[in-house]
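Heads up: the structure comes next, in structure tokens.
The values are calculated or read from the model by the stated rules, or taken from the named source; none is laboratory data. Note that this is a predicted model, so its numbers are computed, not measured. Backbone-built Cβ (ideal geometry, glycine too); neighbour counts: all protein chains shown.
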Amino acid sequence: MTATAEPDDAAPLVGEDHKADFLGHPRGLWYLAFTEAWERFSYYGMQSLLVLYMVKYLLLPGRIEHIAAFSSVRVLYFGLEGQALASAIFGTYTSLVYLTPILGGLLADRLLGRRRTVLLGAVTMAAGHFLMAFEPAFLFALLCLIVGCGMFKGNIASQVGSLYKPDDLRRGDAFQIFYLGINAGVIISPLIVGTLGEKVGWHYGFGAAGVGMLLAIVIYLSGQKYLRASDNDPRIIAAAQTASSAPKAKLTGRDWRTVFALILLIPVMAVAIVPNNQIFNAYLVWGDQQFDLVFMGKTLPTTWLVTLDAIVSVSFLALVALFYRWYGKRWREPDEITKLIIGSAFSIGGVLCLVTAAATQGPGQKIGLFWPVAFHFLNSIAFAHMLPIGLALFAKYAPKAINATVIGLYYLAFFAANSLVGWVGGFYETMPTTKFWLLHAGFAAGSGVCFVLFKFIVAHRLEVEAK
């Protein structure tokens, strides 16, 4: 069955742009941004609690037996127990979240349209969050969150672009505003969801995440009149018809070599991301057990480490961008692959801070926050050189004929990275902590070496062929 777009699926009607403007952008953008902020609030709030909840409560004897259908699923994890099992489940959950948006896009394009798919995804995610409050429903809750996020994630982002006509230069600023909403949700969620979960009760935290998702639904429904169909805009229709009627460019031998080179980079990117993504997994368990989180006589929730990381990461995304603007006016700005190499160096330095923290910890002593905070600062500089730069690299080299497809392949790195995070995180309890973090430093160093080889062997040839 092939569906046509819904009559109120995307962009403002011609002649209504000025009426819909708020602070220089269509009002629909602000509804989408606040919807995404509350969705990310619920998603990251739940994720900040997930591993701690499993390790300290759900997977303990006397409770694990109550999880419906768990005995059938557990065989997939080859007898893992305790923290290793929690880490593996975390890895499965967070990796699948990056695969289901492909299915969500197909559902929107072929059957339901974006509005209905986003709404269905939001309702499914809300159900998942509230089901987390019931121990027997744990696996069904995770399934709802995986499926719901798949329907929600990509389709709401595509609606942002649809608010603007093809020649509207405000689109770039719109996505920056949209991502500010994401970052706001990430920063706030551990302070509320994490605190409730750790200090009041796990189920209160998951319930708060569910309430956040309900707020997202209310905001999204309230903004429907500002999310009109682009199908009614003759300029957008003309652009779409021109694109569909244009002859498809054939891939050359150079194009295929480029695609092959980028595919080889996917596992390298996945390995490079592992130290950053481990923050939500074994790092939180370690922090909960070993960090001195007492401040002014009160023990801070462990999940606040996620808020610290989010604040520092957002700050350095802006600072690194400003630095290269300043640097580029005076000297030649490094290309994308060089920035990835720089990011690998900072990632190594960040993880070595954790190695130092573990190595200098005295018997019976807690780890002070100096080295963990140093890790977050260096890792955030690495993050700013990797995730957005990696996407820019794929966009730069991807052949025009299949640009969107190749960029979509880039996100497979996140699927692979989170699978690795779950598997490697299971070594935390069986491996000395210094060796555990040295392993992550090895991941950063290994990916850095691969980036260097790509720069001097592959990227050079691609540049020469392009000229």
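At a glance:
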quantity	calculated
Matching residues in region 44-59 - criterion: being under 18 Å from the mean Cα position of the chain (by Cα) and not polar (S, T, N, Q)	Y44, G45, M46, L49, L50, V51
Residue within region 60-81 that is assigned to a helix (DSSP H, G or I), within 23 Å of the chain's Cα centre (by Cα) and within 24 Å of A416 (Cα to Cα) present	no
Positions within region 317-335 being touching a helix residue (DSSP H, G or I) at 6+ places or on another chain (Cβ under 7 Å) and among the hydrophobic types (A, V, I, L, M, F, W, C), in sequence order	L317, V320
Selection within region 373-405 - hydroxyl-bearing (S, T, Y) and not in a helix (DSSP H, G or I)	none
Residue check, L284 of a type in the set (A, V, I, L, M), modelled with pLDDT of 95 or more and crowded, with 21+ Cβ neighbours inside 10 Å	yes
Long-range neighbours under 8 Å by Cβ, at least six apart or interchain, first residue over 21 Å from F178 (Cα atoms) within region 296-321, second among the hydroxyl-bearing types (S, T, Y)	P301/T195; T303/S48; T303/T195; W304/T195; L305/Y283
Residues that are of a type outside the set (S, T, N, Q) and not in a helix (DSSP H, G or I), drawn from region 424-455	G426, F427, Y428, E429, M431, P432
Test: residue in region 274-293 that is in contact with an Asp or Glu (Cβ under 6 Å, 6 or more places away or on another chain) and of a type outside the set (A, V, I, L, M)	no
Residue in region 422-438 that is surrounded by 16 or more Cβ atoms within 10 Å (Cβ to Cβ) and basic (K, R) present	no
All positions within region 108-123 that are buried (at least 21 other Cβ atoms within 10 Å of the Cβ) and of a type outside the set (D, E, K, R)	A108, G113, T117, V118, G121, A122
Where a residue in region 439-467 is at pLDDT 95 or above and its partner, wherever it lies, is exposed (fewer than 13 other Cβ atoms within 10 Å of the Cβ) and not hydroxyl-bearing (S, T, Y), with Cβ under 9 Å and at least six apart	C450/L264
In region 84-137, the residues that are part of a helix (DSSP H, G or I) and aromatic (F, W, Y)	F90, Y93, F130
Residue pairs meeting the criteria (Cβ under 8 Å; at least 6 apart or on separate chains; first within 19 Å of L139 (Cβ to Cβ), in region 44-57; second not in a helix (DSSP H, G or I))	M46/M132; L49/T303; V51/N281; L52/T302; L52/T303; Y57/R63
Failed item, numbered, when A133 is tested on (1) farther than 23 Å from L227 by Cα; (2) surrounded by fewer than 17 Cβ atoms within 10 Å (Cβ to Cβ)	(2)
Residue within region 167-178 that is in the same structural domain as A209 (by TED's automatic domain parsing), outside any helix (DSSP H, G or I) and touching a strand residue (DSSP E or B) at 6+ places or on another chain (Cβ under 8 Å) present	yes
Among residues of region 69-97, those that are over 30 Å from P275 (Cβ atoms) and surrounded by 14 or more Cβ atoms within 10 Å (Cβ to Cβ), counted	1
Residue in region 179-187 that is in a helix (DSSP H, G or I), modelled with pLDDT under 80 and under 18 Å from the mean Cα position of the chain (by Cα) present	yes
Test: residue in region 364-377 that is farther than 22 Å from T307 by Cα, surrounded by fewer than 20 Cβ atoms within 10 Å (Cβ to Cβ) and out of contact with any Cys (no Cβ under 8 Å at 6 or more places or on another chain)	yes
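Conditions (1) more than 22 Å from A445 (Cβ to Cβ); (2) of a type outside the set (D, E); (3) at pLDDT below 95, marked per residue:
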{"position": "W326", "(1), (2), (3)": "yes, yes, yes"}
{"position": "R330", "(1), (2), (3)": "yes, yes, yes"}
{"position": "I337", "(1), (2), (3)": "no, yes, yes"}
{"position": "S347", "(1), (2), (3)": "no, yes, no"}
{"position": "K366", "(1), (2), (3)": "yes, yes, no"}
{"position": "F370", "(1), (2), (3)": "yes, yes, no"}
{"position": "A374", "(1), (2), (3)": "no, yes, no"}
{"position": "N379", "(1), (2), (3)": "no, yes, no"}
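Let's see how each residue does on (1) within 15 Å of H129 (Cβ to Cβ); (2) modelled with pLDDT of 95 or more:
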| position | (1), (2) |
| --- | --- |
| S42 | yes, yes |
| L52 | no, yes |
| Y57 | no, yes |
| G62 | no, no |
| H66 | no, no |
| F70 | no, no |
| V75 | no, no |
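Okay, residues lined up against (1) surrounded by fewer than 18 Cβ atoms within 10 Å (Cβ to Cβ); (2) of a type in the set (G, A, S):
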| site | (1), (2) |
| --- | --- |
| I381 | no, no |
| G390 | no, yes |
| N403 | yes, no |
| V406 | no, no |
| A417 | no, yes |
